[in-house]
Structure formats: C-alpha cells, structure tokens
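Okay, structure first, notes after.
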Amino acid sequence: MTRIQTITSTGALVLSLIPMAADAREMIADHTARKQPLTTWGIQFEELEYRYSDDDEEVGVWSADAFYGTDDLKFRWMSKGEYAIDEQAYEGLENQLVAQTPISAFFDAKAGMRFDTPEGPDRTYGVVGVTGLAPQWFEIDASLYVSDEGDASAELDAEYELLITNHWIIAATLDASVAFSEDRQIGVGKGLVSTETGVRLSYDLIDRAFSPYLGVVHERKYGDSADLAEAEGASAEDWFAVIGARIAF
Amino acid sequence: MNRRLVAGFLFSLLPALVTAGEYDLTVDRVDIDTGEFVKQGIGYNGASPGPVLRFKEGETVRINVTNNLDEVTSIHWHGLILPFEQDGVPGISFPGIRPGDTFTYEFPIVQAGTYWFHSHSGFQEPDGAYGAIVIEPEGREPFRYDREYVIQLTDKHPHSGDRIMRNLKMMPDYYNRQQQTVGEFFSDASEQGLLTTLRDRMAWGNMRMMKADVEDLQGFTGLINGKGPEQNWTGLFEAGERIRLRFINSSAMTYFDVRIPGLNMTVVQADGNNVQPVTVDEFRIGVAETYDVIVRPKDAEAYTIFAESMGRSGYARATLAPENGMEAPVPALREPSRLTMADMGGAHDRAHGDMAGMNHGDGDNSMPSDMSGMDHSGMAGMDHGAMARDQSAEGDPFYAKGSGLLPEAANGGKFLSYADLKAQKPLYENRAPTREIELRLTGNMERYTWSINGVKYEDADPIRLQYGERVRFKFVNETMMTHPMHLHGMWSILDVGAGEWNPVKHTVSVQPGTTVFMETEVDATGQWAFHCHLSYHAAAGMFRKVIVEGGPEGSGA
C-alpha cells in the first residue's frame with residue numbers, strides 16, 4: 001500500500017515537474033469537481049408577509065426554507081413564524097432541521113427535529129415525513145411529529161400554482177394539522193386541530209427571486225382546539241388580507 | 001471600439017502566425033457587451049469570443065495557453081483528432097492549467113474544416129470562453145467560394161453559469177417563461193374541445209412533465225461573433241459572390257433554427273466534414289455542431305442572418321450587406337414550440353427507468369402503475385394534435401412521429417434533416433460494427449438530474465473500448481429534451497441509412513422519443529470524454545469517460 005502510494009506520488013511529482021518529458025501516455029484519474037456529487041444550496045421565503053385580520057389584528061408572518069446538499073442528501077432548515085404586532089409576541093415560532101433523501105422519482109423522505117418556541121410553553125418534536133411533487137403539480141409536504149411530551153400529530157401542506165400568465169401567478173395553499181392526542185398547554189385538542197387556507201396573486205418582478213403578492217388567508221381551529229382558543233379569548237376563525245413577497249436566492 | 005481594433009490587430013497577425021505554427025492564447029476576465037446588458041465573463045486574448053485560430057492541415061501547431069484567471073482552466077479543441085493528452089479535459093486528458101501557468105498544447109493537424117475551441121472547466125464556456133477554429137485543407141475543396149465568414153452563435157445569459165446551475169437545481173423551471181397558462185387552456189379548449197384539453201393537461205400533469213419544456217434556459221441574448229441583435233454583426237460582400245458561412249453553435253444550451261430570408265443555403269460541410277451539397281431554406285444547428293453553407297446573393301442588398309432558438313424564446317441576428325450600415329427586416333419570432341406525447345416516447349417505461357435511477361432499486365410502486373393508467377388517456381387526448389403533423393414527420397426520421405419539435409422552414413421550403421447529410425467522401429471503409437453499446441439518455445427534469453443509463457457520471461464506471469473495434473452506439477432518448485451527444489477524440493459516424501456515405505460528425509443530436517445510432521472506429525488510444533454538450537446537463541451527470549485500451553501507443557490502463 002505504502003509503496004504504491006509512494007510510487008504514485010513520486011510519479012505525480014515528476015509529472016508535474018516536467019510534464020512534457022514524463023510518460024505522456026499516462027491516463028490520469030478524474031478527481032475534478034465533475035466527478036464529485038454536485039453540491040447546491042438555496043434560500044427561499046415562500047411567504048414573507050403582513051396580515052391584517054377581520055378583527056383588526058396585525059401579524060407579521062414568514063415561512064422560509066434553506067437547503068444545502070446533493071441530489072442524494074440534503075439538509076434543510078425550515079422556519080415559520082407568526083408575530084403579533086400589537087402584542088409584540090410570537091404567536092407561533094417553529095424551526096425544523098431535517099435531512100432528506102429521494103425515495104421515488106418525485107418524492108423525498110425526510111427526518112429531523114422541530115423546535116417550537118412561541119410565547120408560552122416550548123415543544124420539541126421528532127419529525128419524519130415525505131415531500132415532493134404529486135400528480136397534477138401539487139406540491140406536497142406531509143410530516144408526522146412526536147413531541148417531547150409524547151404527543152403525536154401530523155401536518156399536511158399542499159400548494160398549487162395557477163399561471164394566469166408566465167409572470168402573474170395564483171398560488172393556492174392548504175395547511176392542515178391533526179393531533180392524535182391532546183396537549184392542552186399549547187392549545188391542541190385531539191382530532192383535526194387547524195387549517196390555514198390561502199390564495200395569493202403574485203407577480204415575478206425580478207426573475208423568480210422577488211415576487212410581491214396580495215392575498216387572502218383563512219385560519220380556522222376545530223373541535224377542542226377551537227374551544228381552547230376561545231376559552232383563552234382568541235378567535236377560532238380568522239380571515240386575513242395579506243401583502244408580502246416571495247423571495248428566492 | 002477598442003475590441004474591434006484589437007481584433008483587427010490580431011487578424012493582421014494571423015497569417016504570420018500560421019506559418020510559424022505557434023499561437024499564444026491568454027485566458028482573461030473580460031467584459032461582454034451584448035447590447036442588452038454588459039456582463040463580466042471569460043475570454044481569450046482579452047475578448048469573448050476569442051480569436052479565430054487558422055490552422056493548415058498537415059502542420060503541427062503549438063499553442064501556449066496562459067491562465068490569467070484565479071481558477072483552473074483548460075482548452076478543449078472541439079472536433080479535433082489529436083493525442084488524448086492534448087484534448088484539454090481536466091481530470092481526463094490532463095490536470096488542467098493552474099492560475100498563472102502556461103500550458104503548451106502541441107499536436108498535428110490531421111483534418112480540415114470548421115471547428116471551435118472552448119474551456120472544459122466548470123462553466124467557463126457558458127461564461128464566454130470559446131473561439132473558432134478554421135483549418136485550411138491540404139488539397140482542393142470540392143466547392144468554390146469567393147469569401148468566407150465564421151458565424152459563431154452563442155446564448156449569452158445575464159447570469160453566470162454557476163448561478164444558472166444553482167437556480168435550475170433549486171427550481172427546474174426557473175428560466176422557463178413559456179409555460180402553459182390559463183389563457184392557453186381556454187384557447188386550446190375552444191380549438192380542441194374542453195374535454196380533450198382537460199385530458200391533455202391531466203396526462204401531462206400525471207407525468208409531471210411540461211409541454212413547454214423545450215429550453216431549460218431562457219432569457220439569453222443570442223450573439224453572432226460576440227454581437228447582439230442590436231449590435232448587428234455585418235459581413236460584407238459584392239453581388240454575385242459565393243460566400244461561405246461557417247456556422248458554429250457555441251451555445252451553452254440553445255439550439256438555433258437558422259435562415260437567411262431571400263437566400264437559400266447550400267450545406268457543404270457538417271462538423272468539419274464535407275457532405276454532398278444539399279440546398280436548404282433553413283437548418284437547425286445543435287449545440288456544439290458546425291455547418292458550413294454557401295450562399296450567393298445576386299443583388300446588392302442587405303440580408304438578415306436570423307437564428308431563432310428552437311423553443312422560440314430568443315434569437316441571434318446578423319447581416320450580410322454590400323456596405324456597412326445596411327440592414328434587412330428582422331423576422332418576428334414564431335410561436336413557442338410545444339412537446340407532444342410523441343416526444344415522451346414510452347412515458348411509463350421512462351418512469352420505471354427514472355425510478356430505478358433515483359431509488360437505487362427499492363421504490364414506491366404506486367407511481368409506475370399510476371403512470372400507465374394515465375398514459376392511455378393521454379395518448380387519446382393528444383391524438384388530434386399529433387395527427388396533423390404526422391405527414392410531415394415522415395419527412396424527418398430523426399424526430400418522433402408527431403413530435404412537437406419537428407422543424408418547418410419559415411418560408412414553407414426545405415428544412416435540413418440529418419437524413420440529408422451524406423459524406424462527400426467516406427472517411428473510413430464501411431464495415432460491420434464489432435459490437436453495440438446502448439446508451440439510454442435519462443433524467444428527471446423536476447430534480448434536474450441528467451444521466452446515462454440512469455447513472456450520473458459521479459457514480460459511473462468508464463466505458464471501455466478496444467482499439468481497432470468498430471462500436472455501434474445506440475442512443476435511446478428517454479427524456480423530453482434534445483441532447484447533443486459529443487464523443488471526444490474519435491469520429492461519430494451518424495447512421496442516416498446511407499451505408500458508406502453516412503456522414504461523419506463529432507456531435508450527434510438525439511431528439512426526445514427517438515433512437516439514434518452512430519458508429520465509431522475506435523482508432524485513438526487513451527481516455528476521452530463523452531457527454532451531452534448542454535452545459536448544465538453535462539454538469540448534472542450526463543457525462544462518461546471512455547477508455548480505449550490497447551493500440552499502437554497503448555499504455556494499458
């Protein structure tokens with residue numbers, strides 16, 4: 001082993017010192033970037049917006065994601081936040097760190113951790129899920145969570161884009177979450193917990209890097225979760241007008 | 001202005017250099033001005049494109065390449081037959097040229113015709129590192145001309161190659177602004193019926209493929225000899241002269257449909273090799289291909305050289321005129337092309353192929369069965385549109401029957417087909433191939449992964465050939481994109497069904513949904529690159545190393 005290495009390194013040295021004089025027929029090995037898995041990265045704010053509700057509540061909201069990795073393995077950080085502007089408090093603040101790998105032509109499996117640190121009690125979750133493109137161009141992200149309190153829940157995000165033109169785009173989104181057990185501390189009842197439905201009309205102003213939009217968002221809580229919200233003086237259903245921008249770089 | 005002076009100065013030097021057989025090229029950071037935007041890029045001797053290198057068949061050239069960049073560079077002499085160490089592919093031919101170093105290429109010129117050179121490092125070529133090669137033959141040429149011009153096309157994009165690759169990986173449709181819209185749905189519905197249109201959209205939606213996926217990279221400015229449409233590169237002539245135009249497509253990603261309204265063009269050379277002359281109104285030039293045509297304007301008026309991209313998202317334009325400043329009308333772009341189900345070939349076969357590639361064999365079964373279910377309804381939906389084109393499709397066997405990419409001449413005249421290309425003089429004795437190698441061109445647009453036989457270069461073993469054999473390559477395009485396949489170091493004899501008159505090329509375009517054969521006389525020892533010449537497909541993995549074992553100078557890998 002050592003001998004072979006010595007020989008090759010000497011060979012390489014000689015070759016690099018006197019390239020024209022050395023055995024010119026030597027076939028080198030490809031260690032260039034081309035032979036390495038292509039590593040790539042991206043940062044996107046799917047939503048970065050100001051929301052104004054039907055009972056005059058003002059909220060700043062983002063849903064962002066940054067990834068780094070190869071075709072086979074990507075690391076993704078997802079961040080979602082809802083900041084109540086009047087109360088100066090995070091109604092929701094959720095960060096996820098997952099690794100994802102392809103399991104079929106259009107879907108990746110993912111696994112990782114989620115950290116919820118809003119005002120009030122924090123939760124840490126383990127997450128597994130799938131993310132990808134379903135037939136008819138529905139972008140799907142489905143996750144299963146188990147919290148540090150032992151409660152299991154699931155979340156489904158779906159998005160569909162309708163091209164009015166190649167620059168004016170309507171995006172319809174649906175986020176739904178279901179709890180398999182109750183966690184009263186964070187206002188979650190068993191069963192369907194909440195849905196958030198949105199429709200946003202955007203215009204691609206700079207490539208696909210900056211696309212301002214206007215839209216409407218409907219948030220609703222269900223069953224025990226709705227009762228818990230109302231008991232705290234919050235509403236179980238809200239309509240929002242939203243203005244913001246989709247950003248990718 | 002300055003650039004023109006420099007170029008003029010270089011041209012005046014060239015005759016002196018030719019006799020010397022020695023050339024100096026520097027690789028430099030340059031500004032590229034397309035008339036629409038100015039962008040930093042890479043060039044040779046201070047300009048992009050670099051100088052036209054004029055060689056003479058039979059001479060030995062020495063080319064000193066000095067790297068003034070802060071990264072490794074290389075020059076590949078595209079289409080030239082030479083010892084593999086001189087081929088200029090880092091990691092395969094040689095280690096590359098480090099910053100500040102000068103590498104001297106030295107090789108005999110054993111052929112004639114129109115070729116080009118470009119960097120084979122990173123995305124330096126899309127960033128501007130390319131130039132033309134013109135080789136004067138030893139003997140007389142079988143056609144006459146009074147003057148000649150190199151017409152070197154490229155698709156200059158405001159984004160750097162690295163950024164384009166990253167954007168495509170992040171959002172494969174990042175640059176596609178020809179996608180089907182709600183408006184197109186309703187116009188199709190009124191033409192073809194609501195149900196047919198709905199079925200059609202459903203069929204494509206189930207495959208998760210886009211009919212509009214003709215060009216990955218839109219938003220470029222087409223350049224001819226470094227000049228944008230507004231800058232209007234102009235070649236002068238006198239009425240009645242025969243002008244030889246040496247078309248070279250140095251684009252990163254773009255196929256061009258080339259025409260000169262008012263003139264027909266006699267194609268005399270393809271990829272540097274003489275072909276039996278064929279007169280056409282228009283031709284499609286694949287990425288990395290060259291075509292030499294002869295035109296003869298009888299009148300002293302201006303003519304527009306119009307090169308429209310295959311997907312109709314952009315164009316390059318130049319002018320032939322008796323005097324500078326004259327110009328002819330610039331045609332409008334035609335309607336964007338749409339793929340058809342024919343271009344998808346066996347769509348569900350492909351899904352299996354992809355899955356195997358992606359999953360490493362252990363996948364989700366629901367998708368293929370899904371697909372085969374959808375396929376049939378898709379075909380039914382498509383039949384209508386496809387049928388109308390069937391007849392003309394018979395005219396070009398190199399497109400799938402009913403292909404949406406089937407080219408038609410703007411004036412309704414003759415459009416060049418590969419089937420029209422016949423060698424002027426066979427380069428090799430015609431013999432039966434010793435074996436066949438199947439190369440399925442594979443990929444997944446949504447992941448922007450591109451591969452051969454479902455395997456990317458990073459995971460692939462080299463293709464091993466034996467010196468002296470004649471290999472028949474079978475390309476099966478299982479993707480919805482056109483791939484210009486380029487084998488380094490040895491000729492690609494394209495099977496057009498003409499036996500010993502099959503044309504000899506260096507780059508072979510394989511249209512979606514088609515199978516194309518080419519044969520290679522394995523007559524060059526060493527190791528060579530073999531890849532799709534679309535820059536971002538090659539970088540994503542549609543690339544192979546070919547090792548030729550044995551032979552007179554074989555070192556035995």
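In whole angstrom, how far apart do the alpha carbon centroids of region B:186-205 and region A:188-249 sit?
32
Among A:PRO135, A:PRO102, A:PRO118, which one moves the most in a GNM of chain A with springs linking Cα atoms closer than 10 Å?
In the Gaussian network model the winner is A:PRO135.
For chain A, modelled as a GNM with alpha-carbon contacts under 10 angstrom, which of A:THR197, A:THR173, A:THR165 fluctuates the most?
A:THR165
Excluding residues fewer than 8 places away in the same chain, name every one of the lysines whose C-alpha is closer than 25 Å to that of B:LYS169.
Within reach: A:LYS35, A:LYS74, A:LYS80, A:LYS110, B:LYS39, B:LYS156, B:LYS211, B:LYS456, B:LYS545.
Please report, to two decimal places, log10 I(q)/I(0) for chain A at q = 0.14 Å⁻¹ as given by the Debye formula with identical point scatterers on the Cα atoms and no solvent.
With one equal scatterer per Cα and no solvent, log10 I(q)/I(0) is -1.00.
State whether region B:75-200 is rounded, prolate or oblate according to the following rule on the C-alpha gyration tensor (a ≥ b ≥ c being the square roots of its eigenvalues): a/c under 1.5 gives rounded; otherwise a/b larger than b/c gives prolate, and the remaining case gives oblate.
Oblate, since a/c reaches 1.5 and b/c is not below a/b.
Please arrange A:HIS31, A:HIS218, B:HIS486, B:HIS159 by how many other C-beta atoms lie within 10 Å of their C-beta, fewest to most.
Listing A:HIS31, A:HIS218, B:HIS486, B:HIS159 from fewest to most nearby Cβ atoms yields A:HIS31, A:HIS218, B:HIS159, B:HIS486.
I need the shape label for region B:2-140. Rule: rounded when a/c is under 1.5, else prolate if a/b > b/c, else oblate, with a, b, c from the alpha carbon gyration tensor.
In terms of gyration-tensor shape, oblate.
How many percent of all Cα-Cα pairs in region B:420-549 sit more than 27 Å apart?
It works out to 16 percent of all Cα pairs.
Would you list, by chain and number, the lysines whose Cα falls below 27 Å from the Cα of B:LYS298, excluding same-chain residues fewer than 8 positions away?
Candidates past the 8-residue exclusion: B:LYS227, B:LYS414.
For chain A, take the longest principal axis of its alpha carbons; what is the angle in degrees between that and the long axis of helix A:2-17, to the nearest 10 within 0 to 90?
Rounded to the nearest ten degrees, it is 80.
For region B:114-184, just say rounded, prolate or oblate: build the C-alpha gyration tensor, square-root its eigenvalues into a ≥ b ≥ c, call rounded for a/c under 1.5, and beyond that prolate if a/b exceeds b/c, oblate if not.
oblate
Once Rh is set to the Kirkwood radius over Cα pairs, what Stokes-Einstein translational diffusion coefficient, in µm²/s, holds for region B:420-477 at a temperature of 37 °C and a viscosity of 0.692 mPa s?
233
Arrange B:VAL522, B:VAL110 by Cβ neighbour counts within 10 Å, fewest through most, would you?
Placing the least packed residue first, the sequence is B:VAL110, B:VAL522.
Can you pull a Stokes-Einstein diffusion coefficient for chain B at 4 °C (1.567 mPa s), Rh from Kirkwood over Cα pairs, as a whole number of µm²/s?
This corresponds to a translational diffusion coefficient of 54 µm²/s.
If you average the sequence gap of Cα pairs under 8 Å that are 6 or more apart and divide by the length of chain B, what percent do you get for the contact order?
Result for chain B is 13 percent.
Please report the relative contact order for region B:420-549, taking Cα pairs under 8 Å with a sequence separation of at least 6, and give it as a percent rounded to a whole number.
Relative contact order here is 32 percent.
Averaged across the residues of B:166-172, what count of C-beta atoms belonging to other chains lies within 10 Å of each residue's C-beta?
Mean partner shielding for this stretch: 5.
To the nearest Å, what is the center-to-center distance of region B:43-64 and region B:480-541, using C-alpha atoms only?
With region B:43-64 and region B:480-541 each reduced to a Cα centre, they are spaced 25 Å.
For the protein assembly as shown, take the alpha-carbon Rg, divide it by the Kirkwood Rh, and send me Rg/Rh.
Using only Cα positions, Rg/Rh for the protein assembly as shown is 1.01.
Which percent, to the nearest 5, of DSSP beta bridges fully inside chain B are antiparallel?
Around 70 percent of the beta bridges assigned by DSSP in chain B are antiparallel ones.
For region B:190-262, with equal point scatterers placed on the C-alpha atoms only and solvent neglected, what are the log10 I(q)/I(0) values from the Debye formula at q = 0.12, 0.23 1/Å, to two decimals?
For region B:190-262 at q = 0.12, 0.23 Å⁻¹, log10 I(q)/I(0) is -0.62, -1.17.
Among A:TRP62, B:TRP204, B:TRP233, what is the fewest-to-most ranking by other Cβ atoms within 10 Å?
A:TRP62, B:TRP233, B:TRP204
Here, each number is a calculation from the coordinates, and none is a lab measurement. What you see is a predicted model, and the numbers here were worked out from it, not measured in a lab. Using ideal geometry, Cβ is built from the backbone for each residue, glycine included, and neighbour counts are taken over all protein chains shown.
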